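Right, one structure below, let's go through it.
The values are calculated or read from the model by the stated rules, or taken from the named source; none is laboratory data. Computed from a predicted model, the values in this text were never measured in an experiment. Cβ sites come from the backbone with ideal geometry, for glycine too, and all protein chains shown count toward neighbours. With ligands, DNA and RNA removed, areas are computed over all heavy atoms of the protein, side chains included. Shrake-Rupley method; radii C 1.70, N 1.55, O 1.52, S 1.80 Å.
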Protein chains: 2
Amino acid sequence: MTMPVYFDCDTGIDDALALAYLVAQRHADLRGVGTVSGNVDAAQAARNTLDLLAVLGRDDVPVAVGEHDFLTHPYDGGAPHVHGANGIGGARLEPAGRPVDGRSAAQLLVDLAHEHPGTLRVVAVGPLTNLARALQLEPRLPELISSVTVMGGAALVPGNVSPVAEANIANDPEAAQAVVSAGWPVTLVPLDVTMAHVLEHEHLQRLEDAEQEAPRLLASMLGHYFEFYRDIFGRACSAMHDPLAVAVALGTAVADAAPRVPVVVDTGDGPGRGQTICDLRGRYRGLADHPEATCRVVLGIRSDFAEDLTRALTAPAPAAAAGVSA
Amino acid sequence: MTMPVYFDCDTGIDDALALAYLVAQRHADLRGVGTVSGNVDAAQAARNTLDLLAVLGRDDVPVAVGEHDFLTHPYDGGAPHVHGANGIGGARLEPAGRPVDGRSAAQLLVDLAHEHPGTLRVVAVGPLTNLARALQLEPRLPELISSVTVMGGAALVPGNVSPVAEANIANDPEAAQAVVSAGWPVTLVPLDVTMAHVLEHEHLQRLEDAEQEAPRLLASMLGHYFEFYRDIFGRACSAMHDPLAVAVALGTAVADAAPRVPVVVDTGDGPGRGQTICDLRGRYRGLADHPEATCRVVLGIRSDFAEDLTRALTAPAPAAAAGVSA
């Protein structure tokens, strides 16, 4: 049994790695990608995604352009200092030569939910604007999907765009609040774990030395990202935010702490704007699940994810196999 | 050389322990106590403080009643579920038989700062209303004092009255924001460390078995507190919030991590109200001090504080000695 997946992204260097990792998982069946403004604008993210899918042998996957602006405020130009001006560290990909899907990303998600009732896994690694729009389009969406996994937030560690806020959530706090309060099963993969699973120089070297084109291409993007993280970690390396969310969604990374707790997003205009406020007050007696909560917050990952990711990206020709099964 | 100290409190069971610990330190010279509403109202806190000082042999210390209400909202009845209706776990103390000081707590603090220019240590273990009032009374106060140590806030751990807010700060966020932004050297002793230094049953037993009256009296208060913490920790024990702040202020507890970082208090009306937002984004490369920050945030204590506290409270007759030196 393969798992049908909708992937929502703002491609983005780590989005690109996440997409390649997702395509490499034989038990996952990528049915569609929606893009959103975040690291780059939604249109550029769609171009990057189409071009990368071509390299990965997955021209069959529809790519829909999603929201350019956030729910209550305009897109502000993204994060070129992190991801480069084109979002993929200046790497030049062959243009895919096929168009984007005519639907909005939100409509594509709704359509896929109806095509795969009860089984679609939603993985969102950018701002949550498309998911919020999809909830507006189809109020029954929470009953139709299997799970929502979000790279975003910071629970018991500092944020990355403010002392308490992480970029995906901070870009569109109103959308994030709509998503965490929609009653569907949400799993947050926050900075607590994504900053703890870091790609080091030795992993990068293995991508560079790979026989296939895709890992060498991803390695060429990572130079920019590694340099950005030099200021954060004190050495050139990189957090693997988005790939880890994919791995959690597909069960290839196993959480050793992921309590189900009340989560609310700060949508005010104060210094806490964009914070994912997770009620972890139960931690001193072992963090039991709250009976009525619908969000899990991943606080620990058992496996060596940087190793798993590197192996998956350099494994022989998984993309073609996945393409056949799709 | 003794250190002149002004102690601001809302006595309170752990305030009572903090006061006894402070009086037991021979290098500290307690010059005055101000009370504020928090665990109980300011007037009850003053009665508790006067009565406890009598037991400790320190009837020489002026006790001033401070603010009943917070800067922008009224006192709401305190925390009888934590500290008991009288604030000291139902313990009955002999009435001290002397009146409170005629001044407000804020005025007492200002007067002491002028009497001990540059050397007064301010230790605040309740809401920061009196300190904010004192800053209004005497704008030069930051230049006159040596240091301000505050039990309050939560940096990288959950709050205790909301998912992100600690009680002292949450009671009067506006006052806390005035204190952390006043430019004087503030040391925050947050839940990050106070929840990690816990009095256990064996410590309680040693207080109960002491020869002196004071530790036995403190033990009689602690029954109530231990029961409250059973729900938090899954066993009867108690966090030592306020005593630890005194120990940090006096140098008897040594921090092994206390970066100087920007701190701002969330004074909005959203879910983050009362949070101490500490900019700890530098943690991945070692948390260097920020050049312009004036607040230290204590994140780790090297010593076994529960042991140190128990020893200090059961040591032979330190109170009388301190009384003579005062």
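Within the stretch A:241-270, the set of residues being closer than 29 Å to B:Gln275 by Cα and modelled with pLDDT under 95 comprises A:Ala255, A:Asp256, A:Ala257.
I'd like to check something: does the stretch B:105-114 contain any residue that is surrounded by fewer than 18 Cβ atoms within 10 Å (Cβ to Cβ) and on the phi < 0 side of the Ramachandran plot?
yes
Of the residues making up the stretch A:147-167, those that are under 20 Å from A:Pro262 (Cα atoms) and either without any contact (Cβ under 8 Å) to a residue 60 or more places away in the chain or open to solvent by 10 Å² or more (accessible area, probe 1.4 Å) (or both) are A:Ser147, A:Val148, A:Ala155, A:Leu156, A:Val157, A:Pro158, A:Val164. Taking the criterion of being open to solvent by less than 30 Å² (accessible area, probe 1.4 Å) and at the interface with another protein chain (Cβ under 7 Å from one of its Cβ atoms), the only residue of the stretch B:251-267 that qualifies is B:Asp266. Within the stretch B:118-133, being surrounded by 13 or more Cβ atoms within 10 Å (Cβ to Cβ) and not β-branched (Val, Ile, Thr) holds for B:Leu120, B:Arg121, B:Ala124, B:Gly126, B:Pro127, B:Leu128, B:Asn130, B:Leu131, B:Ala132, B:Arg133. For the stretch B:244-260, a residue qualifies if it is more than 17 Å from B:Gly152 (Cβ to Cβ) and among the aliphatic types (A, V, I, L, M), and the qualifying residues are B:Leu250, B:Val254, B:Ala257.
Before we move on, is A:Asp69 among the acidic types (Asp, Glu), part of a loop (DSSP other than H, G, I, E, B) and open to solvent by 10 Å² or more (accessible area, probe 1.4 Å)?
Taking the combined requirement at face value, the residue satisfies it.
Residues in the stretch B:274-313 that are open to solvent by 10 Å² or more (accessible area, probe 1.4 Å) and in contact with a Ser or Thr (Cβ under 7 Å, 6 or more places away or on another chain) were compared, and the one that is nearest to the other protein chains (Cβ to nearest Cβ) is B:Arg296. Is there a residue in the stretch B:151-171 that is modelled with pLDDT of 95 or more, more than 29 Å from B:His197 (Cβ to Cβ), in contact with a strand residue (DSSP E or B) (Cβ under 9 Å, 6 or more places away or on another chain) and not small (Gly, Ala, Ser)? No, the stretch B:151-171 contains no residue that is modelled with pLDDT of 95 or more, more than 29 Å from B:His197 (Cβ to Cβ), in contact with a strand residue (DSSP E or B) (Cβ under 9 Å, 6 or more places away or on another chain) and not small (Gly, Ala, Ser).
Summed over the stretch A:171-190, residues that are surrounded by fewer than 24 Cβ atoms within 10 Å (Cβ to Cβ) and among the aliphatic types (A, V, I, L, M) total 2. Just need a number here: residues in the stretch A:216-237 that are within 12 Å of chain B (Cβ to nearest Cβ) and not in a helix (DSSP H, G or I). Total meeting the criteria: 3. In summary, B:Val82 fulfils each of the numbered conditions (1) modelled with pLDDT under 95; (2) among the β-branched types (Val, Ile, Thr); (3) open to solvent by 50 Å² or more (accessible area, probe 1.4 Å) with the single exception of condition (3).
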